[in-house]
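The values are calculated or read from the model by the stated rules, or taken from the named source; none is laboratory data. These numbers were taken from a predicted model, which means no experiment stands behind them. All Cβ positions, glycine included, derive from the backbone under ideal geometry; neighbour counts span all protein chains shown.
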Amino acid sequence: MAITPQAFPPRERRPSSSSFISPNFSDTKLLQSLLFLSREISLLKPLQFLLKRNSSSIIRKSKLLSIIFEEILNLPLSFLSQSTLLCSKELYLLLHRTKTLIDDCSNGSKIWLLMQHESVSHNFHHLTVEIAALLDVFPFKDFDLSEDVKDVVVLLKNQCYKAKAFMDPIPENLKREVLKMIDRIEREIVPKQSKLESIFERLGFCDSKSCRDEIERLEDEIQGEEKSMGQMGALVGLVRYGKCVLYGASSPKRSSRSPRSDGCHFPLPTDFLCPISLELMSDPVVVATGQTYDRSSISLWINSGRNTCPKTGQVLAHKGLIPNCTLKNLIVLWCRENRLPLETVEIDKSDGVTVSKAALEAMRMTASFLVNKLRVSRSTEMVERIVHELRNLAKTESESRVCIAESGAIPLLVDYLVSNNKELQVDAVTTLLNLSILEANKTRIMETDGFVDGVIRVLRSGTTWEAKGNAAATIFSLSCVHVYRKKLGRKRRVVKGLVELARVGPTTSRQDALAALLKLAGERECIGRLLEGGVPEMAVEIIDEWPEEVVTIMAAVAKRGGAAALAATDRAIEKIATVLRDGPGRAKESAAAALVAVCRRGGEEVVAQLAVTPRIHKAIWELIGTGTVRARRKAASLLQILRRWAAETEYIGIVDVSTSIADLLIY
């Protein structure tokens, strides 16, 4: 459906950032605040792009108000009448709304203001009408005003009475041109460059930076207008396309960009992770026991024939799944605030939020334009700018990732993984990371010749830590697919690179490396490579810094065939036991699981080493008493292993031999 002016309903403008002063203070201070606010408005610059006449008119009226209240404050005042106080408070609130409207129009999106031009013009007129109404009832007769100021009062009243709603025809014509261009884009007609240039010139978009600033402002406007996100997305697409066609790709701002601004990083808020998949939930649902899981994970669990809650172990009274809308909204808001571009985290389509065809076509045109330019560009500077632009585009939404991949960008980006240009390399690998978030793109990336070798090269010898960390995050993202997890996990260089990065990288890069290792540890066929690559030794080395992440990896390795290797690793048992005894709550559960696996496969020497660890039996009892159902089960199993060893070796002091496992679980 084409976008029409009705697609942009009038709304209340956002409050400005200026502080709001409550008028609940003394009579004199109230008048002083009125004088201060009217002066503040009178010093504002009229809007230059749109609504210049409307804003100039109300600014001039504020100037006249400041003259009136300056006169009043110079008079000897003992007290103000009730009607004066009431009118003054109402006028203060009215002036504050006026300043908010002007500030908001000055600092907001130009193209959004163009779409709202008619309603905002009416807002200015309504403010003038309200000023006239207040001036009508304001008791000026209570004050001994000079003749000059009385003339100002009369002048101001006359101006307000005679003011009529003014609708500038020039912006209205420009608005129709913009809507017509969006309609043509929706019909897959590429805009003429001359027409695009004319519109952008009149909008005041004169270079790449002004377009980039406009996109940011427009996206901020969209955050507050969820009902119009689909239509407003078309405007974002138009500005982004015009920026690339008219002014080229943006120059990277390396000094101001956070290395964590792209992709999916670890760790995420614990409450947002599905207890089954340990990934961010896109559709959280509540089961009969009150626990929350991602719908896809818990459905797979139930459909496999299980009738228990994975987390508590309780039998489900029923198999109904109730949407957890509150949690989903929190996840969406968190992703927005952190600019996390996960295609699974979207607002429910039933809320009326969709991506318009015009926005999608504008995105497709932008991606195709950039990729075609990238194919023929020979200038290193131009290539770097285009790849950086693709990086920015790829982190916006899932549709943009589809368009970029379909335009043929992936093979070109893979070629730049081996670049010695550090800016180009980090942008290339980060763009691939953002693209890999989309499930369909994982296959495209993994099947591209040279990708695996390229990402390994970045991981092992990347030009920056950011590049290395994002290479690790890319491996993590691709490893979400079972077949690719096996393929990557069998690569010795992948494991070596992740282990090295986890050991010596900066904090964010180490988190990405540990996340990737944990994902690989979920595949039994990868365990051999993880052991050869030094994961046990690395784990012992850094477990004090990253107890929760590392002990979870150790538990996964032990569970899938690496228990004997862990048992043989110097100080491994001691370190895991320390986490069980003194680590954070969630880490203790993984530590218990790791120790159960290691003790069962490591022999009596391992059990003996654990048995003599100071305070270990107390830690096990505490976990049995306070842990989750799974933690209690693992702790009870561990206690049973120690009890059997104590009975066989006639060792006293671990636990009363008469205590049954059932008793322990009830404890």
Subject >> Lone unmet requirement of (1) part of a loop (DSSP other than H, G, I, E, B); (2) at pLDDT 80 or above; (3) β-branched (Val, Ile, Thr) for VAL606 >> reply: (1)
Subject >> Condition check for ILE41: modelled with pLDDT of 90 or more, assigned by TED's automatic domain parsing to the domain that holds LYS99, in a helix (DSSP H, G or I) and under 39 Å from the mean Cα position of the chain (by Cα) >> reply: yes
Subject >> Which numbered condition ILE475 misses (of (1) surrounded by fewer than 18 Cβ atoms within 10 Å (Cβ to Cβ); (2) in a helix (DSSP H, G or I)) >> reply: (1)
Subject >> Qualifying positions in region 359-414 - modelled with pLDDT of 90 or more and in a loop (DSSP other than H, G, I, E, B) >> reply: SER407, GLY408
Original post:
Of all helices (runs of 4 or more DSSP H) completely enclosed by region 113-231, which ones contain at least 1 residues that are within 42 Å of the chain's Cα centre (by Cα) and not aromatic (Phe, Trp, Tyr)?
Top reply: 117-137, 169-186, 193-203, 208-223
Original post:
Would you say LEU34 is in the same structural domain as ALA132 (by TED's automatic domain parsing), in contact (Cβ under 8 Å) with a residue 24 or more places away in the chain and under 25 Å from GLU147 (Cα atoms)?
Top reply: yes
Original post:
Restricting the search to region 534-556, which residues are surrounded by fewer than 24 Cβ atoms within 10 Å (Cβ to Cβ) and in a loop (DSSP other than H, G, I, E, B)?
Top reply: GLY534, ASP544, GLU545, TRP546
**OP:** Provide a single number: the residues in region 415-468 that are polar (S, T, N, Q), under 19 Å from PRO506 (Cα atoms) and not in a helix (DSSP H, G or I).
**Re:** 2
**OP:** Scan region 635-666 for residues that are within 43 Å of the chain's Cα centre (by Cα) and either at pLDDT 90 or above or among the aromatic types (Phe, Trp, Tyr) (or both) and jot them down.
**Re:** ALA635, ALA636, SER637, LEU638
Original post:
Just checking, which of SER121, SER56, SER66, SER109 is more than 30 Å from VAL239 (Cβ to Cβ) and either among the small types (Gly, Ala, Ser) or surrounded by 22 or more Cβ atoms within 10 Å (Cβ to Cβ) (or both)?
Top reply: SER66
Subject >> Residues located in region 557-593, provided they are over 16 Å from LEU517 (Cα atoms), small (Gly, Ala, Ser) and in a helix (DSSP H, G or I) >> reply: ALA563, ALA564, ALA565, ALA567, ALA568, ALA572, ALA577, GLY585, ALA587, ALA591, ALA592, ALA593
Subject >> Residue selected from region 165-176 under the condition surrounded by 13 or more Cβ atoms within 10 Å (Cβ to Cβ) and of a type in the set (D, E, K, R), by the criterion farthest from ALA358 (Cα to Cα) >> reply: ASP168
